[in-house]
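What follows draws every value from the coordinates through simple rules; no lab data is involved. As the structure is a prediction and not an experimental result, all values here were calculated from the model. Virtual Cβ from ideal backbone geometry, glycine too; neighbours counted across all protein chains shown.
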Amino acid sequence: MHLLRTCLTRCVYNEAYARLNGSAYYLDGEQDSDIRHEYVAGQVFAMASASEGHNRISLNLAFHLRTATRGTHCGVFISDMKVKVAAHESFYYPDVLLTCDSGDNDPLYKQAPCLIAEVLSPSTELIDRREKLIAYRALPSLRHYLLIAQDRRCVEQYMRDADGGWRYRVCDAEGIIELDCQPLRPTLTLADLYEDVVLQLLTEEIR
């Protein structure tokens, strides 16, 4: 799957060395790097910067999830926390992740998220829809994967059923997003996610 990507900016890692030494080298190097990188099967990819709209949407989601987690053992993380997908030998930086596993306590990455959200942008949308969709669904703990548009009010939601199958729905207009991450069952509206996001300006920003 890593062949879907190219490293568009200079990576600080030597890819051959990373492939030889594995994720431990990546994790050590990432702590000292000024640029975030994702790790996919021995290769590292520099991450692009995000627009104002992208940041507002991510913060809005994280804010409402953080409110729901108060008084529980669940934790919400945004942008700088990695998720480890062992089945794909990968580390990614989701825009927002929620974990309710009290044992998911590594300080550098999480590996048992219940929810992952990615805010779509032209440079990463294909990766979010294909590579990350496949990788994230390999996480046994994952129950919800959200793809959130920047240029319109629209959220695509992948939901895992009790039998392990996946359902897909699109929430637009004034729809409601229902989440089930035990012990949490938060409900979000599109108004919550897009608060203070100027969609016309955002369209210009991501051209």
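So, R0 is 41 Å and r is the distance between the beta-carbons of Glu178 and Ala86; what FRET efficiency does that work out to, to 0.05?
Using R0 = 41 Å, I get an efficiency of 0.90.
When the Kirkwood hydrodynamic radius is evaluated over all pairs of different C-alpha atoms of the chain, what value in angstrom, to one decimal, is obtained?
17.6 Å
Obtain the nm distance between the two label points defined at Arg185 and Ser49 by a simple spin-label model: each point lies 7 Å from its Cα along the Cα-to-C-beta direction.
Calculated label separation equals 4.4 nm.
Between Asp28 and Thr67, what FRET efficiency follows from the Cβ-Cβ distance if R0 is 30 Å, with the result rounded to 0.05?
With a Förster radius of 30 Å, E is 0.30.
Okay, helix-only estimate at 222 nm for the chain: each DSSP H run of n ≥ 4 adds -39500 (n - 2.57), divide by all residues, round to 500 deg cm²/dmol; what do you get?
Taken over the chain, the calculation gives -7000 deg cm²/dmol.
Given the range 82-174, what percent of its DSSP beta bridges are antiparallel, to the nearest 5?
Once the DSSP bridges in the range 82-174 are tallied, antiparallel ones form about 75 percent.
In debye, nearest 20: dipole of the range 84-207 around its Cα centre with unit charges on the Cβ of K, R (+) and D, E (-)?
For the range 84-207, the charge dipole is close to 380 debye.
What order do you get for Cys171, Cys181 when you list them from fewest to most C-beta neighbours inside 10 Å?
Fewest to most other Cβ atoms nearby, the residues stand as Cys171, Cys181.
Dipole magnitude of the chain about its Cα centre, charges +1 at Lys/Arg Cβ and -1 at Asp/Glu Cβ only, in debye to the nearest 20?
For the chain, the charge dipole is close to 380 debye.
Give me Thr99, Thr124 sorted ascending by neighbouring Cβ count inside 10 Å, so fewest comes first. Intermediate values should be presented prior to the final figure.
Values: Thr99 25, Thr124 19.
The order, fewest Cβ neighbours first, is Thr124, Thr99.
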